[in-house]
1. What number, rounded to the nearest 500 deg cm²/dmol, is the helix-based mean residue ellipticity at 222 nm of the chain, given -39500 (n - 2.57) per DSSP H run of at least four residues and division by all its residues?
2. So, with a 1.4 angstrom probe, what is the percent of accessible area on region 119-275 that is carbon and sulfur?
3. Which one is right for this structure if mean projected area of the Cα convex hull in nm² is calculated from it: (1) 16.6; (2) 14.3; (3) 15.7?
4. In a Gaussian network model over the chain where Cα atoms closer than 10 Å are linked, find which of TRP118, TRP224, TRP187 has the largest mean-square fluctuation.
5. Provide Rg and Dmax in Å for region 1-148, with only Cα atoms included in the calculation.
6. Count the DSSP beta bridges whose two residues both fall in the chain, then state the antiparallel fraction as a percent rounded to the nearest 5.
7. LEU96 label point, 7 Å along Cα→Cβ, cut-off 14 Å on backbone N: hits in region 11-30?
8. Using the heavy atoms of the protein chains alone and a 1.4 angstrom probe, what is the accessible area of region 149-275 per residue in square angstrom?
Amino acid sequence: MTLECAGNGRALLHPRPVSQPWLVEAVGNAEWTGTPLAPLLREAGIAPDAVDVVFTGADHGVERGVEQDYQRALPLDDALRDEVLLAYEMNGAPLLPQHGAPLRLIVPGWYGMAHVKWLRTISVLTREFDGYQNAVAYRLRRDADDPGVPVTRIEPRALVRPPGFPDFMSRARVLRPGPCTVDGRAWSGHGPVVAVEVTTDGGASWSPATLDPPVGGGWSWRRWRYEWTPQPGRYALGARATDASGRTQPVEQPWNRGGFANNLVQRVDVLVVAE
């Protein structure tokens, strides 16, 4: 399953929201082992009027002046999905402390804020949870007065593995002319990725990439590749993913105050030079 921070790409927004300045590196893919949550909730007993399931982690701190434990809630229907896990292993080994040991929540398809680490308690409420991380943080809003809508599922994204080697100051990539396989990974929380397109001219034109077979039941990222034979010159590479729900990446990103869910098409500048 692919796990991505909701703030991934925040530093690429203009103006940049004031928070952790992620570029595009806040994402990973792993195999998770645990016990399904739904049978435990049913065994404990769920009231007929239950609404939200609240997960409390061991991390405690202050955000915007509010002292709090980290708590996030899922609507009951989402918490009862078969693939939601209480995970105790990652890639076949016991969870490390930085990954939430001894137990963490795994919610395939949702941004990372839902995957509560260092899990201490699970509570089922008969009302909508109004804790800070649900009601105030992790909401898509245009300005301070906008109540916004909650951040939930991962928006489609494709990333390019930069070809060639880097120029130290500009971070542009340098490449020799000739055949080159451009590849990367693509994922979405709304449905399996069904197509990836590649641009070499900053979005003026697009060509289809080849997709590797899917793995992980659709929750894992998918490798794509594109055969390219560039001539000397300057290029702007990018890739955009489309998922089974019909969602695709934007070329121009709508801004939001928290800098969440920025899945703007990535730009990788490349200079192809003759030997």
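The values are calculated or read from the model by the stated rules, or taken from the named source; none is laboratory data. Quantities reported herein were computed from a predicted structural model and do not represent experimental measurements. So basically every Cβ, Gly included, is an ideal-geometry build from the backbone, and we count neighbours across all protein chains shown. Heavy atoms of the whole protein, side chains included, go into the accessibility calculation; ligands, DNA and RNA do not. Shrake-Rupley method; radii C 1.70, N 1.55, O 1.52, S 1.80 Å.
1. -1000 deg cm²/dmol
2. Answer for region 119-275: carbon and sulfur cover 51 percent of the accessible area.
3. Comparing each candidate, only (1) matches the computed number.
4. The residue with the greatest mean-square fluctuation here is TRP118.
5. Just the Cα atoms of region 1-148 yield Rg and Dmax of 16.0, 49 Å.
6. Of those bridges, close to 95 percent are antiparallel.
7. 28-30
8. In whole numbers, region 149-275 has 50 Å² accessible per residue.
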